[in-house]
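The values are calculated or read from the model by the stated rules, or taken from the named source; none is laboratory data. Keep in mind that this is a model prediction, so the values were computed, not measured. Note that we place each Cβ from the backbone using ideal geometry, even for glycine, and neighbour counts take in every protein chain shown.
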Amino acid sequence: MENSDFIYEKPDYSTGFMLWKVTNLWQREIKKALSPYDLTHSQFVLLASTHWLQSNNNEVTQILLANFAKIDPMTTSTVLKTLQSKGLINRANHKKDTRAKVLMLTKAGLEVVKPAIQAVEEFDKRFFSAINSAYPAFNAHLNILLKYNEE
């Protein structure tokens with residue numbers, strides 16, 4: 001290719017562009033999977049992450065949750081306010097840190113997040129079934145990228 005502005009001969013040779021396309025497809029379909037639960041993907045991620053952290057005996061603070069989910073603290077705060085207004089989480093004062101809030105799923109939050117987790121996991125299994133036996137290696141490579149690019 002002479003005088004091309006691109007280093008790739010074809011767009012499908014660009015890893016970033018392919019990741020963009022797959023991510024958009026996955027997000028569009030995950031939105032459909034979450035619609036019966038009246039949750040956005042961000043709301044689901046924060047609810048499921050809170051549930052995971054609580055289930056593993058962690059006192060869940062907003063900053064712990066933001067770091068765990070890799071969502072910026074301001075976005076986390078905004079989404080948590082929405083989840084609180086929906087009655088899915090409670091925020092209580094931290095016993096030691098007066099600036100921090102401890103997050104806990106409400107009964108309604110648990111009733112929503114458990115079937116939503118099942119729906120998302122079933123969707124992921126179907127969506128990624130095309131890569132079959134490469135699935136564990138795919139996840140391992142995603143984890144390498146996450147660790148390499150941590151701030």
State whether one or more residues within segment 36-43 are under 24 Å from SER129 (Cα atoms) and loosely packed, with under 12 Cβ neighbours inside 10 Å.
-> yes
Evaluation of GLN118 against (1) surrounded by 12 or more Cβ atoms within 10 Å (Cβ to Cβ); (2) at pLDDT 95 or above (one fails), failing number = (1)
Determine which member of the set VAL79, VAL60 is buried (at least 16 other Cβ atoms within 10 Å of the Cβ), modelled with pLDDT of 95 or more and touching a Leu at 6+ places or on another chain (Cβ under 6 Å).
-> VAL79
Which of the residues that make up segment 1-35 are of a type in the set (Asp, Glu) and surrounded by 13 or more Cβ atoms within 10 Å (Cβ to Cβ)?
-> GLU29
Residue list for segment 1-31, filter: of a type in the set (Lys, Arg) and more than 27 Å from the chain's Cα centre (by Cα) | LYS10
Residue identified as more than 17 Å from the chain's Cα centre (by Cα) and either closer than 19 Å to LYS125 by Cβ or among the β-branched types (Val, Ile, Thr) (or both) among VAL45, VAL79, VAL102 = VAL102
Would you call THR106 more than 23 Å from LYS32 (Cβ to Cβ), of a type in the set (S, T, N, Q) and modelled with pLDDT of 95 or more?
-> yes
